[in-house]
Amino acid sequence: MKMQSNIMTNFIEKSYIFFKREIVFSISLILAIISCFFVKPSITYINWNTIILLLVMMVIVEIFKNLFVFEILVRKLLTKIKNIRGFVFVMVFICFFSSIFLTNDISLIIFVPFSILALKKINRVDLIILTVSLQTIAANVGCMVLPIGAPHNIVMYTISNLSFVSFFLLLLPYIFVSVIFLVVVLLFVPKDKIILSKMDKTEFVRENFFKKILFGVDYYLLLTFIALFILIGNLENISFFNLLFTKWIGGNEVLGSVVASQIISNVPTAILFSGFSNNYEAIIVGINIGGFGTLIASMANLISYKILVREYNEFKIRYLIIFTVLNLILLVILLGIYVII
């Protein structure tokens, strides 16, 4: 009896740890399972184009990461930097440009830890909170440039059938204003001179190379998408939710998706809103603007937060305050641009 009790306690503890680590996937899976009790699910709900595209991109990124391609490029850039402001500027806009092709999540996973390490080496820990906050904003801005820049845009790109050019032009005003916002904030970073310490040499390790790539892919992200597709597909076939979402979403795609993103993040919002409205351009604008604001507005925001807290748990509250203030200011500005346009 005692053994069974210990097994159960151990199971509950492990389940709780897993739930905390993969909270988005866990909630998505639970909701998808619950919805299956009300209507028979179908595999046709799953947008396999999105799943395959995400998988391919993650594999490519893991290959580059294990070849140290990104780290080598960053280190070469760092040798040319003369002051603190220049360093922060480079690290912020590396996230902007890399997120165009790598997705905002991957960009932050690669470059936020590097920035924290580098700032620690040059004794400017005081700039970590601001730098990581701006890197996160920059990644969320850069991912607007191409539809492959973020999971929510990949979803909308495969559903809407918009061309790359149309997608870019739709979000161009918001990208332009956001870049200006980043530059203005960066002007407040001091121009103190810095001397970069010599970094350890990076060497390619052939051993277990393909294993590292295989285990480096975030399969829970793919499973989260599958769970969300099933959940939304089921909700579409439950008459109560169908009528509710159709009435609420129709005509309110932009503001509705901005608000929803603050609560459930912009990836689930993209899947939810696209299931109940054909006004895809408005949804694209809404979920991209909606990525700014609360910590949960974008999954990328949570990634930066987790990385920072792992290194400096004492920065938790200060980071949340500074990050939220900067994001809310930008969100208000971008909503103003939407109203003007």
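The set of residues from the range 1-51 being in contact with a Leu (Cβ under 9 Å, 6 or more places away or on another chain) and small (G, A, S) comprises S28, A32, S35. Of all residue pairs spaced 6 or more apart or on separate chains, those with beta-carbon atoms under 9 Å, a first member in the range 64-80 that is open to solvent by 80 Å² or more (accessible area, probe 1.4 Å) and a second member that is of a type in the set (F, W, Y) and modelled with pLDDT under 75 are F64/F70. Scanning the range 253-302 for residues that are of a type in the set (G, A, S), in a helix (DSSP H, G or I) and closer than 20 Å to L231 by Cβ gives G256, S257, A260, S261, A270, S274, G286. For beta carbons closer than 8 Å, sequence separation of 6+ or different chains, a first residue in the range 232-245 that is at pLDDT 80 or above and a second that is part of a helix (DSSP H, G or I) and open to solvent by 20 Å² or more (accessible area, probe 1.4 Å), the qualifying pairs are G233/T44; G233/Y45; N234/Y45. Quick one: in the range 279-301, which of the residues that are among the aliphatic types (A, V, I, L, M) and free of Cβ contacts under 8 Å to residues at least 40 places away in the same chain is farthest from L162 (Cα to Cα)? By that ranking, first place goes to L295.
I need a count of the residues in the range 282-303 that are open to solvent by less than 10 Å² (accessible area, probe 1.4 Å) and closer than 15 Å to L108 by Cβ. Qualifying residue count for the region: 6.
The residues of the range 128-144 that are touching a Ser or Thr at 6+ places or on another chain (Cβ under 9 Å) and either within 23 Å of G290 (Cβ to Cβ) or open to solvent by 10 Å² or more (accessible area, probe 1.4 Å) (or both), listed by number, are V132, S133, Q135, T136, I137, A138, A139, N140, V141, G142, C143, M144. None of K80, K120 is in a helix (DSSP H, G or I) and charged (D, E, K, R) except K120. One residue stands out among those in the range 320-335 that are open to solvent by less than 30 Å² (accessible area, probe 1.4 Å) and under 23 Å from L172 (Cβ atoms): the one that is nearest to the chain's Cα centre (by Cα), which is N327. Considered as a group, the residues in the range 84-110 that are in contact with a Phe, Trp or Tyr (Cβ under 9 Å, 6 or more places away or on another chain) and open to solvent by less than 10 Å² (accessible area, probe 1.4 Å) include one that is nearest to K191 (Cα to Cα), and that residue is M91.
Per the listing V339, V309, the residue uniquely open to solvent by 10 Å² or more (accessible area, probe 1.4 Å), farther than 21 Å from A139 by Cα and out of contact with any strand residue (DSSP E or B) (no Cβ under 8 Å at 6 or more places or on another chain) is V339.
The values are calculated or read from the model by the stated rules, or taken from the named source; none is laboratory data. Quick caveat, the model's predicted, so the values are computed rather than measured. Please note: Cβ atoms are built from the backbone with ideal geometry, for glycine as well, and neighbour counts cover all protein chains shown. The protein model used for the area step is the full one, side chains on, heavy atoms only, and it has no ligands, DNA or RNA in it. Shrake-Rupley method; radii C 1.70, N 1.55, O 1.52, S 1.80 Å.
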